[in-house]
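Structure, as structure tokens:
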Amino acid sequence: MSILLLLFLLSGLDTLQLRTIFHEPYLAGVRPGFTSFSPDQERIYFTWNDSSKTDRHTYSVAIDGRNLQYHDEAPEARAVVSPDNRYWVFIINDDLWINGPMYDEPQLLLESEYSITSIHWLDDNRTILFIMDGNVWSFRLDPASLRQITKRDLSDRDHINLHIISVSGDGRFIVLQESDTSGHLEILFPEYVDTFVKDGKSRRGQALTAVYLWDSATQKAHPLFDGEWAVSNHSISPSGNYLAIDRIDHTMKTSGNSPIRPHYCP
């Protein structure tokens, strides 16, 4: 009887089938994914699943490889550090927080009902630029002050996203990327839940990208290029005179990487 039971159990286990090889827990395990150094440069954050499953969690380890820690939440893993390394800012529940060696604990800078993204420090170590509610804003430390820089039309905010590509050191020139996904199509597909099927859907397509230079002194936007492009790398010179952008079209057949010197820059 025990032999028949063993044969029955083994007959349903075929480790050469793809669904078995890729079934959780994964036979090969899950490779840790590097996230960032901690702002104080004493720890390394990474994502991992110690049970070889798909869902990743955040961990950190000291730079000597010891003291592994699990984090339910790790907002400072995504912190943006000031050029002089004295401050770092990060997001908790859409609010902007700051920390640093001079603080005993993180301090709340700005409460927001909108998501804050694309955080950049200026070279003065006192000014932060970011995207909030579809526009560029600046926040200055000591004394604290908030200022709206751009005033865009937000009638189609569900499909148009704004991202800060780069900023000149003094903050005069801001390179912005606008992605328009209004042309995406809604794709319907089945989702399998155990032995049942439910409706699934997602919006997919190629976004229209527009990149332009915002001059804070003149309060004007200067278009650089637009179309079905993806921007893979970029940099603006500290003086703001030159901008280099590595772009590629969605078919990956045409690319360009060249410095651009707008005529209105000094």
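Please give the peptides 31-37, 58-64 ranked by average Cβ packing (other Cβ atoms within 10 Å per residue), highest first, as a rough proxy for protection.
The most tightly packed comes first, giving 58-64, 31-37.
Give the aspartates and glutamates reachable from LYS220 as a straight Cα distance under 16 Å; neighbours fewer than 8 places away on the same chain don't count.
Within the straight-line limit of under 16 Å, LYS220 reaches these aspartates and glutamates: ASP153, GLU178.
Compute the signed sum of charges (Lys and Arg +1, Asp and Glu -1) over the other residues within less than 13 Å, Cβ to Cβ, of ILE116.
Surrounding charge for ILE116 is -4.
I need GLU186, GLU76 ordered by Cβ neighbour count within 10 Å, fewest first.
GLU186, GLU76
Every number in this text was worked out from the coordinates using simple rules, so none of it is lab data. Predicted model only: the values in this text are computed from it and were never measured. Glycine also receives a Cβ, built like all others from the backbone with ideal geometry; neighbour counts cover every protein chain displayed.
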